[in-house]
Amino acid sequence: MDRPFSRKDVTGSQFVILIRGRWGNADIYKYRHNGTAWVIKDFHFCPPLIRETWGRLLVRREYQALLKLSGIPMIPKEPFMLDNYAVCYRYISGTTLRNTPPKKISDEFFHHLEQIVKAMHSRNMVHLDIRNRRNILVTQEGFPALIDFQSSINLERVPKFLHKLLKDIDLSGVYKNWYHKKPETLDSERRAHLEALNRKRSLWVLKGYPFGTKRNRRS
């Protein structure tokens, strides 16, 4: 898509810092352009070594993931590259699952989240960081939205024997959060699946992020 705005446009009162990233992580901004709110994930101000390597890689990865997932409800829309160091997409208003009390989460919430994840899998994409409750939003209408695709993997580039394991890692994130927030609505079949997935998860060695950094996300 054509870029709705450029880096030189991102100034003034329409520009708000959501998260100031640490030295190896992106800054995240909310920017309103012509009445529409956007998220800008930006590695521009990272140290040059990070910006030109890790930053460029993650920006491109997230952009390509969101492009491939276009049209799936509750996944950020209209992604575009601001430049080599920043990816932009439509802002989704809501609070993180981490900061949402269970009483404000509907009994159907995690069923909807599971559907989103399975729709993503049907397009040969895995997220791989769904266990982090900051990556799941509770929208103002009470629906789940999935954000932060910089850890995602396109399964078309992965040997087929790993596909089920990687998809199961995503589902374990859904069921873990389901058990944490609304255990009374998690049926015995999914509980058993979660226990089995947790045993499998010990095989997953690519945990965390390089450089020992931790990412801060909006609350």
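Observations
- Checking each residue in region 11-44 for being of a type in the set (A, V, I, L, M, F, W, C), assigned to a loop (DSSP other than H, G, I, E, B) and at pLDDT 90 or above picks out A26, F43.
- From the options L137, L166, L69, residue that is in contact (Cβ under 8 Å) with a residue 12 or more places away in the chain and either farther than 28 Å from R7 by Cα or of a type in the set (F, W, Y) (or both): L166
- Checked against (1) polar (S, T, N, Q); (2) buried (at least 20 other Cβ atoms within 10 Å of the Cβ); (3) at pLDDT 95 or above; (4) closer than 17 Å to H111 by Cα, S152 meets all criteria but (4).
- Considering each residue of region 183-199 in turn, at least one proves to be more than 17 Å from the chain's Cα centre (by Cα), assigned to a loop (DSSP other than H, G, I, E, B) and in contact (Cβ under 8 Å) with a residue 12 or more places away in the chain.
- Matching entry among L18, L113, L57, L67 (being in contact with a helix residue (DSSP H, G or I) (Cβ under 9 Å, 6 or more places away or on another chain) and either more than 30 Å from P183 (Cα to Cα) or surrounded by 14 or more Cβ atoms within 10 Å (Cβ to Cβ) (or both)): L113
- When residues of region 61-72 are limited to those that are over 15 Å from I40 (Cβ atoms) and of a type in the set (D, E, K, R), the one farthest from the chain's Cα centre (by Cα): K68
- Only listed residue being at pLDDT below 95, surrounded by 15 or more Cβ atoms within 10 Å (Cβ to Cβ) and over 29 Å from R20 (Cβ atoms), chosen from R217, R201, R157: R201
The values are calculated or read from the model by the stated rules, or taken from the named source; none is laboratory data. Nothing here was measured: the structure is a model prediction, and the numbers come from that model. In this analysis, Cβ positions are derived from the backbone assuming ideal geometry, glycine residues included, and neighbour counts consider all displayed protein chains.
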